[in-house]
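One structure is given below, encoded as structure tokens.
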Amino acid sequence: MKVIRLNRSNNLKRTVLYLRLSDEDRNKLTEDELSESIKNQELMLREYALNEGYNIVGVYSDEDWSGGDNTRPEFNKMLKECELGKVDIVLCKTQARFARDSELIEKYIHNKFQEWGVIFKTVVDRIDNSKRETKKTSQILGLTDEWTLEDISLNIRETFKAKRKAGECTASFAVYGYLKDPENKNHLIPDPLASLNVKRIYDEYLKGYGLDKIANNLNKDKILSPIEYKMANGSKLKIPLLKKYFDYDYIEKAGTYIISVNFTNKENKILHNLISFNYLTTDMKTFNNKCDITLKRSSFDRTKIYYSEKENLDIQKFKKKDFILLKENDLIPKTAKVIATLTKELDRTHLIHYQFEIKLKENLKHEKYYFNILGYVDNKNTNLIFEKNIRRKMKWSEQSIKKILKDEVYIGNMVQFKTTTVSYKNHTLIKNADKDRIRKNNTHEAIIEPSIWYSVQKRLKEKARSLQNGTIHIFSNKVFCLTCQNIFTKCGRNLESGYGYLCCKDKNHNWANCNNKKWLREDDLHNLVLTKINNMLDKYYDNNILNNLNNQDIDHNLFNDRLNILEKEEIKINKDLQNKKIYLQKLYEDRVSGLIPEKEFFILMNKYQDDKEVLEDRLKIIKKEEETTLLKQNLLKSQKDIFKKYRHIDKLNIEIVNEFIDKIVIGSYNEEKNTRDIKIIWNFTI
């Protein structure tokens, strides 16, 4: 049973200040006011506390957090201190700074705070939960603040919807490969560095590298993954799906980790000679030298970072001669016994920040590696609070490579509203259906040619498997059986000559469904395809072929006409589906009111379901046809470029095969004539 602690002595007024600034305030403030808002809140509260004789024991500040968000980090730290009995008074400028959610207000101000013996007071609207007469005012304010937050949320959603329809980027950060245009934050421009990595990914994939090999190559070359690149450029990354990777109490599993340390001067005075000793330790006593530790970044303008190989150093007798200065990206030797920081002077509210990369290669004993910090300032021990965060370093993966290969943003198209949240209070992500996403083409400069992108999409759907060396076979998912339409796969290799064999996959089922049993030598198929392509290239320079290619511009326009017809039909079907929803709602209303008998209601319901399924099936067919038409259009558009790219080919590779060939069909072997039909289906008309 919990004990309710009320009516504490006036001498125990341990007070914490809570400050908050969020996006809902930004439209009301100028740039100067924004920078001063948090400071002004604190000055007001400090003056009030001083006049009332309160003892300030903590300041908690959340910037860029909504008042309806119950995951605010500083907010929850403050609540924990209150629950532990370390706080007598929580002081805010207004109740809205504490929360704009009536549930949070009722839960804490009028319930938990009463249970914990904590007084909640505001300076401006004079709320005091120890006085019964302010409770109704608090509840009314909570309700109106929540209405305001709901209205703001709806207005923001509608504004974003309009921006997305106009092709403006509404994301907080640009997708990997792009930057926000400095002159227009809703417009994307290529990132000079990251865009090269995007091109490299597409290039390696077209050359036949598997997704895993591309990821390994990027990691080997120490190229930051998209998430790490964003964080290095200032992203705060509130990503629920990655939360488990971003908050560790200790390191136990092998891998690479980032340890970030922050210290903010929350005292009323300037701090001098602030020293800290940092230890990566398994026994809470000594520095552990089993890991590779690298200094990644630091606020070097005010803080110097050192290491020492001497043992039993006293933090109170810090001498520079005992230490070696570190620079960014320096690897700390395994002989180090301590990492130290020295800040000569730290102004009020100023921040110290430094970061280490820790690589744990193995941990067979399952030891827990903690990061401990001992602080010392102004020649005396002080209860310094260093905020530290341990997170796993995110590397390139198959998933991150595939995401880049599938994203239309790289051909200049903007597809937004892929996900949404349940409400302004519930931030659970919901994946939107394709029909609900907002698309706008040609909104920004493309990094990848459309013909290349569509070719990649075609290959991704083929689900090619990588070979042992991480590359993909040049005929992967290209060779099929004429008899049973099954794919031809590798089925052996001649050890003496080195060439391999291909045969129908039905061999795995003991030829239960196919009699096309004769194998095909890989080198024979290679030579045949090579000859056919070179013959085609030779004919390319024939004037008749050139004239035919020029006439294909007419065909290209026909694709546009077909796409327009499909788009109009898609709009009509979506409108019909919307009308069906309205019809269903009215049907239920008529059933409830008794206007329609139960038997007739179920007949109409069944008809509604049948009509709806017909419309949805047709919508799927239209989507597929649009995708196929776009692919054909882009392949036709690039045909001239493909022919001009090659004069004569000496050896095939997967890129060449994918550019020229849709598929190869292998017929049955004729023993009498010693022949078999092999048909090549090209990506374009010849």
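The values are calculated or read from the model by the stated rules, or taken from the named source; none is laboratory data. This structure is a prediction, so every number in the text was calculated from the model and none was measured. Neighbour counts run over all protein chains shown; Cβ positions are idealised from the backbone, glycine included.
Considering only helices (runs of 4 or more DSSP H) fully contained in region 567-677, which possess at least 3 residues that are within 24 Å of N527 (Cα to Cα)?
Numbers: elements: 598-637, 639-645, 654-660.
Filter on region 567-677 gives 639-645, 654-660.
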Inset, instruction - Run V118 past the list (1) aliphatic (A, V, I, L, M); (2) touching a Phe, Trp or Tyr at 6+ places or on another chain (Cβ under 7 Å); (3) modelled with pLDDT of 90 or more and report the number of the one that doesn't hold. - result: (2)
Inset, instruction - Out of the residues in region 264-304 that are surrounded by fewer than 17 Cβ atoms within 10 Å (Cβ to Cβ) and aliphatic (A, V, I, L, M), state the one that is nearest to the chain's Cα centre (by Cα). - result: M284
Legend entry - Cross-chain or 6+ apart pairs with Cβ under 6 Å, region 669-680 first and among the hydroxyl-bearing types (S, T, Y), then part of a loop (DSSP other than H, G, I, E, B): Y669/K518
Inset, instruction - Within region 201-218, count every residue that is acidic (D, E) and either assigned to a strand (DSSP E or B) or touching a helix residue (DSSP H, G or I) at 6+ places or on another chain (Cβ under 6 Å) (or both). - result: 2
Inset, instruction - Check E626 against each of (1) touching a Phe, Trp or Tyr at 6+ places or on another chain (Cβ under 6 Å); (2) at pLDDT below 85 and name the one condition it does not meet. - result: (1)
Legend entry - Out of N510, N527, sole residue that is surrounded by fewer than 13 Cβ atoms within 10 Å (Cβ to Cβ), more than 43 Å from the chain's Cα centre (by Cα) and at pLDDT below 85: N510
Legend entry - Selection count, region 171-200, where residues are assigned to a helix (DSSP H, G or I) and of a type in the set (A, V, I, L, M): 3
